Amino acid sequence: MKNGFRRYLSVGFLLMSLSLGCFSQESAQEYAIVGTGGVTGVYYPAGGSICRMVNRLRSQHGIRCAVESTQGSIYNLEKVRERDLDFAVVQSDWHFHAVNGSAGFADAGADTTLRSVFSLYAEPFTVVARVDSGIKTFGDLKGKRVNIGNIGSGQRATMEALMKTLGWMQTDFAETHALKSVDQAKALCDNRFDAMVFVAGHPSASIKEATTSCDSRLIPVRGPEIDQLVAANSYYQHIEIPGGMYRGNDHPVKTFGVGATIVSSSEVSSKVIYEVVKAVFDNLESFKQLHPAFQGLSKKKMLELGLTAPLHEGALKYFREARVLGKN
């Protein structure tokens, strides 16, 4: 690794991982560093949950798993490619583009070393607006102040893809903001902008903060253009956010979205990949209890939804041994 990050954790990072229960005092021979997202999203606890399962068996396999809070999907994919991260949680759309060298990865080209590990939960494209903004439909965002997400985040990239489909430009908004997910809910309720977009599993701490701290509502994202976008791209799907999950939002909200996927590099050892997959899949029922977004997980779905890159050899080895996949 270029910066030796896997082998030399900073004191701050070590303390953060300890707080998640990821480390003990025993010495480990190998690290598995998982890139996630902002601490108020679901990627961060998802990474922490994976590490919790792995570290329970560290005395057997000698692998120490720890999480890193990052800028999001695009950043994670870049760092997996550079080998600064061993694993990453990424949106299925940017997983696709990284493999194919398209969209935001056109200049870098296709990442031939990217490998799929498994899929997690659905991530709806979620729009939250202050009630006093008058925003009731996605089209009402025009002329308003909107947080479109920080550069390098999946939420911003997906918003930009949707804007391109609709023929919108940033100048169509009164203002655009680039706050990270950890900062956006407070800023919304402080009236720094009228609406925010977020691509996240539900329930989301960020959206819960926004709907609890001020009167705000989830906005549907639907229409012929959305139907065409989903039909044309295998990594998108129609999704409905259940009602009653957030204060003041009692009814289901229709939108579209992606899937959260776990990726790695072909350069990460098969042993590390094998043990991480085994820790989660052998204990899937326990894993599902670690976050509400995991409740709908099944082994079948975790091998099908949103995985574009080839499966890592270490993952294939486990899936074949466990007869999750065929042996051929």
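The values are calculated or read from the model by the stated rules, or taken from the named source; none is laboratory data. A quick note: this is a predicted structure, and the numbers were derived from the prediction, not measured. Cβ atoms come from the backbone with ideal geometry, glycine included; neighbour counts cover every protein chain shown.
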Exercise. Quick one: T261 ticks every box in (1) within 15 Å of G201 (Cα to Cα); (2) touching a Ser or Thr at 6+ places or on another chain (Cβ under 6 Å); (3) modelled with pLDDT under 95 except a single one, so which number is it?
Key: (3)
Quiz item: Is there any pair with a first residue in the range 163-188 that is in the same structural domain as Q71 (by TED's automatic domain parsing) and a second that is assigned to a loop (DSSP other than H, G, I, E, B) and modelled with pLDDT of 95 or more whose Cβ atoms are under 8 Å apart and which are 6 or more apart or on different chains, and what are they?
Solution: none
Practice problem: Exactly one condition in (1) under 30 Å from V272 (Cβ atoms); (2) touching an Asp or Glu at 6+ places or on another chain (Cβ under 7 Å); (3) buried (at least 16 other Cβ atoms within 10 Å of the Cβ); (4) not basic (K, R) is not met by T113; state its number. | Solution: (3)
Quiz item: Could you list, in sequence order, the residues of the range 131-152 that are within 11 Å of V197 (Cβ to Cβ) and touching a helix residue (DSSP H, G or I) at 6+ places or on another chain (Cβ under 7 Å)?
Solution: N147, I148, G149
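If only one of T176, T137, T126 is β-branched (V, I, T), over 28 Å from E78 (Cβ atoms) and at pLDDT 95 or above, which one is it? If you could, list the steps in order and put the result at the bottom.
Values: T176 fails: over 28 Å from E78 (Cβ atoms); T126 fails: over 28 Å from E78 (Cβ atoms).
T137 is the lone residue from the list that is β-branched (V, I, T), over 28 Å from E78 (Cβ atoms) and at pLDDT 95 or above.
So is A231 assigned to a helix (DSSP H, G or I) and outside the structural domain of G47 (by TED's automatic domain parsing) or not? Steps first, please.
Working: assigned to a helix (DSSP H, G or I): yes; outside the structural domain of G47 (by TED's automatic domain parsing): yes.
Criteria met by A231.
Quickly run through the range 142-165 and pick out the residues that are more than 24 Å from the chain's Cα centre (by Cα) and on the phi < 0 side of the Ramachandran plot. Spell out how you get there, then give the answer.
Filtering the range 142-165 down to residues more than 24 Å from the chain's Cα centre (by Cα) leaves 142-145.
Correct list: K142, K144, R145.
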Self-check item: Answer from A122, A187, A108, A161 - the residue that is in a loop (DSSP other than H, G, I, E, B) and surrounded by fewer than 23 Cβ atoms within 10 Å (Cβ to Cβ)
Solution: A108
Quiz prompt | Residues that are modelled with pLDDT of 95 or more and charged (D, E, K, R), drawn from the range 1-55 | solution = R52
Self-check item: Of the criteria (1) basic (K, R); (2) within 20 Å of the chain's Cα centre (by Cα); (3) not assigned by TED's automatic domain parsing to the domain that holds H95, which one K136 fails
Solution: (2)
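To keep it simple, each residue is scored yes or no on (1) among the basic types (K, R); (2) more than 22 Å from V99 (Cα to Cα); (3) in contact with a Pro (Cβ under 9 Å, 6 or more places away or on another chain).
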{"position": "N233", "(1), (2), (3)": "no, no, no"}
{"position": "S270", "(1), (2), (3)": "no, no, no"}
{"position": "F281", "(1), (2), (3)": "no, yes, no"}
{"position": "P292", "(1), (2), (3)": "no, yes, yes"}
{"position": "K301", "(1), (2), (3)": "yes, no, no"}
Quiz item: So which residues in the range 260-270 are touching a residue at least 60 places away in the same chain (Cβ under 8 Å) and either farther than 21 Å from A110 by Cβ or out of contact with any Gly (no Cβ under 7 Å at 6 or more places or on another chain) (or both), if there are any at all?
Solution: A260, I262, V263, S264, S265, S266, E267, V268, S269
